[in-house]
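Colleague: Before I ask anything, let me first share the structure, which is written out below as structure tokens.
The numbers here are math on the coordinates, done by the rules we state, and not lab data. Keep in mind that this is a model prediction, so the values were computed, not measured. In this analysis, Cβ positions are derived from the backbone assuming ideal geometry, glycine residues included, and neighbour counts consider all displayed protein chains.
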Amino acid sequence: MTDTLPAGTPAPRRARRAAPFAGATLAVLLAAAGCTAAGDDRTADAAAARTVSVVGPLCAELPGGSEPGNPAALADQPADQALQWIPVLTTFEAAVRASGLAAELTGDSGVTILAPTDDAFAAKFSRTNLDELLLHDTDTLRELLRDHLVGGAQPVAELVRAGTVTTLAGTDLTVTAEGDGARLGVAADGNAHNEGDAHGDGKGDGDGKGDGDSRGDGKGDGNGKDDGDSRDDGKSDGNGKDDGDSRDDGDAHGGGDRGDGQQGSAHPAAQAVTLCADYRATNARIHVIDHVLGTMPTTAGGEDDHPAH
């Protein structure tokens, strides 16, 4: 989808949007944002005509043409303000404000933002869990968001060419082409801790078990096994080595205590696809993705869940 901002067109002010699923905390944050304009009107010189193309299956459902929030209209706005105009990113934008992360989105060095949709947050966190992050556990929330930021304002094609990128949280992600966009996965070099698809090194510890590096939630229990129900799919051949695969079975749905004090169902971390990539903002690129990255446990799906939407 390509949008052109005509010369002399002022940047539209932010429209008030309702949260699609959140509890009271997110609703309050969104209401507060609705009271603040996304930016002053730009001069004719600053609003010179430009063409901005975004790619992905969701782009056609997002503002385009001359609608408020169209990609061309966001190109000169600070990234934290541009996020307010993309209607599927209300939770991510509220999390940026709650965690005080805006400064990292607006630096001169540039940033790439991998922004999960509202549906992605709803599939990951229960309403209570999300409210706790937004209101109280903002340090954890900030670290979660930093797993969605990459240094430099990089178009999606540049990410794919690089093949591997490192988030500001220190997690290495693989990037492969997915249509016109990209698929993100955890790099298997030990820098990123996967919740359910981490690989062991293919060797046993001499007792016919995995060596403890094949982890369901990024932590071993000291005896070379995953905690919870994350099982190694390799069979010991009796000589202290696995059969060479030494992989988690990828399911890792233990559902019980993960051994880190949090309850939740483990899912493979950092498996995401871009839904609408290459939004531009000042010193930033924004790529909308379909899953929350990182290794936090999944808490959605219980009684205290988001209403269907």
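Colleague: Whose amide H sits under 5 Å from the amide H of Asp290, counting only residues 5 or more places off or on another chain, with H placed in the peptide plane?
Modeller: Val273, Leu275
Colleague: When the Karplus curve 6.51 cos²θ - 1.76 cosθ + 1.60 is applied with θ = phi - 60°, which whole-Hz ³J(HN,Hα) does each residue of the range 108-124 get, with x for Gly and Pro?
Modeller: So the J values, rounded to whole Hz, are 5, 6, x, 8, 9, 10, 9, 9, x, 6, 4, 4, 5, 5, 5, 6, 9.
Colleague: Ranked highest first by average number of other Cβ atoms within 10 Å, how do 128-140, 91-103 line up?
Modeller: 91-103, 128-140
Colleague: In debye, nearest 20: dipole of the range 104-156 around its Cα centre with unit charges on the Cβ of K, R (+) and D, E (-)?
Modeller: 120 debye
Colleague: For Thr164, list long-range residues whose amide hydrogen, built 1.01 Å from N in the peptide plane, is under 5 Å from its own amide hydrogen.
Modeller: Amide H neighbours of Thr164, under 5 Å, 5+ apart: Val175.
Colleague: To continue, here is another question. Once R0 is set to 41 Å, what does the formula 1/(1 + (r/R0)^6) return for the Cβ-Cβ distance between Ser53 and Thr164, expressed as a FRET efficiency to the nearest 0.05?
Modeller: 0.95
Colleague: Separate question: Mind listing the long-range amide H neighbours of Ala281? Cut-off is under 5 Å, sequence gap 5 or more, other chains count too, H placed in the peptide plane at 1.01 Å from N.
Modeller: The answer is Ile286.
Colleague: A follow-up question, please. Which ³J(HN,Hα) values, rounded to whole Hz and listed in residue order, are derived for the range 132-148 from phi using the Karplus coefficients 6.51, -1.76 and 1.60 in 6.51 cos²θ - 1.76 cosθ + 1.60 with θ = phi - 60°, glycine and proline given as x?
Modeller: 4, 5, 5, 8, 10, 8, 6, 5, 5, 4, 4, 5, 4, 5, 5, 6, 10
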